[in-house]
Every structure is written in C-alpha cells, then in structure tokens.
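Beneath this line is the structure, given in structure tokens, with notes to follow.
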Amino acid sequence: MAKRSKSKPQLNNLVVVSDIHAGCRLALCPPGGVPLDDGGTYHTSPLQDKLWAMWRTFWDEFVPTATRGEPFGVVINGDCVDGVHHNSTTQISHNLMDQSAIASAILAPIAKACDGRIWMVRGTEAHVGQSATMEEGLAKSLGAIPSAEGQHARWDLWKSIGHGKLVHFLHHIGTTGSQAYEATAVHKELVEEFVEAARWRRQAPDVIVRSHRHRYLEDTIATGSETGETCRAIAVVTPAWQGKTPFVWKIPGGRLSTPQFGGIVIRWVDDDRQLFVIPKVWTVDRSGVE
C-alpha cells in the first residue's frame, strides 16, 4: 500500500528582503572586518555600521513582533550581490568570491533562523551574472528550496500562504523619474497579473511583490471572493539595503530623495481571515547644512 503523503503545515508569515548588494561599499556588510582573497581586510564605514544596526533591529525586533513569534519563511527577492557593473568603482572588491562570501555571512544566519524555509529569486544580471550564476551558487550554499527545474535561485516564485492565499514574487518592476507617478507601474503590474490569470482561468494572486527600485510602495485594490465577501489585492515594492551610489545621484527623483532601507512581512491572520503587508522602512539624514 502506498504511503499517504504528509500535508505541509500552514505557513502564515513570509519575511521579504531584497537588493542587499553585498560587496558594495555603500551596502550592507558585517562589522568587525571582512577578510579578502589576497589576505587583506575590509573595515566597514559609518554608513555600513548604521545599516547593520538596522538589519539586526529588523530581524531581532521587527520580525518577531510582526510575526507574533510564529514560524516564518524568508524570500530573498533578488540582487544579493553587487557584482562588477557599469564601470563602477564602489565595490569592496572586484573579486566575485569576496562578494559572495560577504553575502553568505549576511544570509547564512537568516537561513538558520527560518529553519531552512528560504526561497531566492534572481535579480539583475548586471549585478548577479548571466543567468544569475552568482545567486544560484549562493542560494545552493544556503540550502534555498529549489524550483521544479532544480534552480535554487529562480526567476519568479508562486508561494501559498494562509488559507489558500497566493503571493507572486519577481524582482523587476518599471521605474519612474517622478515621485508623483511612483504607483503607476506598480498598479499596472497588478492589473496585468489579473488579466493574465483570467485569460488562462488560473488563480489570481492576492499579493504581488517586486523589488529593484530600492523604494517601498504599496498599492491596494478591492476584489471579490468565493464567499461574496469584499477582499483586497496588494502590490508591494520592497526597500533595499544599499545607499545612494554615484548612478543614483544622476537620475531624476532618486537624486533628490534619501535612500530607503528595510523589508516587509506578509502575514495571514486566521482569526480575522485577513492578509496584511507589514513594512519596516528606515532612511538616513540628508546632507547637512554648512
């Protein structure tokens, strides 16, 4: 007689971070000195020390509070390493093994904290290599859950949460040079998800998560349900863990705003039968007056 398969326990919390850009001097980096391939050591800047304090607050205080201490899964939504890109000079090292080691030092404790319930989505090839080779190697070393094709870092992720709720993760989203139009591409992405689902008679997502912009934004629309109740669908863009690079100082919108750091928790509450996105976002002061 064939063994009956065990049903997976219901997961009610997903923690999402993205755009860590490990290996950049303006991004997240563990304190205390980072060993480099040639025997040297990199020491963090004051900005990186602030970022590390935010990172620890996020995982040590915000996540336990937002999840009510319940088990959670983690989704890393792209751009774990900075790579060697666009003739930039802001990297700690152009040796990609140094960058991968920094990313592993950041993320290995997180994979352990969530008991291996970790998924990784591929980011921008300019940062993570063609076909995201850097992220694939990193995801495999962290024990990230592979796709049906065996990819430990996949292009997108459809993840169930709560009672049949569906979340779609993908790194890229359109950008804008005007803060007045920040929601446009995000709203369009949500509408297109619904159109595509209806076209093929598939379940539409309850939440879509995008990253890439390095700026938090949430867009919500009312939807129906099988029981006739009014629900909502949510499109959210995650903040990042990288400060303003020389490239950002040139682009409209970005050059005027201070960077945003943090992440989100997607949470299903059984008692309320509600799905929430709970953000945690920090910034830093603008340049001082002289």
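The values are calculated or read from the model by the stated rules, or taken from the named source; none is laboratory data. Since the model is a prediction, treat every value here as computed from it, not as a measurement. Cβ placement follows ideal geometry from the backbone for every residue including glycine, while neighbour counts extend to all protein chains displayed. Remember, those area values only see protein heavy atoms, side chains included, never the ligands or the DNA or RNA. Shrake-Rupley method; radii C 1.70, N 1.55, O 1.52, S 1.80 Å.
Counting pairs of alpha carbon atoms under 8 Å apart in space and at least six apart in sequence, what relative contact order in percent does region 1-136 give?
Computed over region 1-136, the figure is 31 percent.
Identify which of the listed values of Kirkwood radius over Cα pairs in Å was calculated from the structure shown: (1) 21.9; (2) 20.4; (3) 19.8.
(3)
With the contact rule set at Cα under 8 Å and sequence spacing of 6 or more, what percent relative contact order holds for the chain?
Contact order relative to length: 20 percent.
Taking the simple approach of a point 7 Å from Cα along Cα-to-Cβ for both Phe276 and Leu11, what is their distance in nm?
Modelled inter-label distance: 2.1 nm.
Whole-Hz ³J(HN,Hα) for each residue in region 75-91, computed from phi via Karplus 6.51 cos²θ - 1.76 cosθ + 1.60 with θ = phi - 60°, x for glycine and proline: what do you get?
These are the phi-based 3J(HN,Hα) values: 10, 9, 9, x, 6, 6, 10, 8, x, 10, 9, 6, 6, 6, 10, 8, 7 Hz.
Per the helix-only calculation at 222 nm, which mean residue ellipticity applies to the chain, given -39500 (n - 2.57) for every DSSP H run of n ≥ 4 and division by its residues, nearest 500 deg cm²/dmol?
After summing the helix terms and dividing by the residues of the chain, the value is -7000 deg cm²/dmol.
Please calculate how many Å² of accessible area the chain carries per residue, with a 1.4 Å probe and no DNA, RNA or ligand atoms counted.
For the chain, the solvent-accessible area averages 51 Å² per residue.
So what J values fall out for region 187-195 if you push phi through Karplus, 6.51 cos²θ - 1.76 cosθ + 1.60 with θ = phi - 60°, rounded to Hz, Gly and Pro as x?
5, 4, 4, 5, 4, 5, 4, 5, 4
Out of the total accessible area of the chain (probe 1.4 Å, heavy atoms of protein only), what percent is carbon and sulfur?
53 percent
Would you mind calculating the gained length between Met97 and Lys50 on full extension (0.36 nm times residue separation, minus the Cα-Cα distance), in nm to one decimal?
In short, 14.4 nm is gained.
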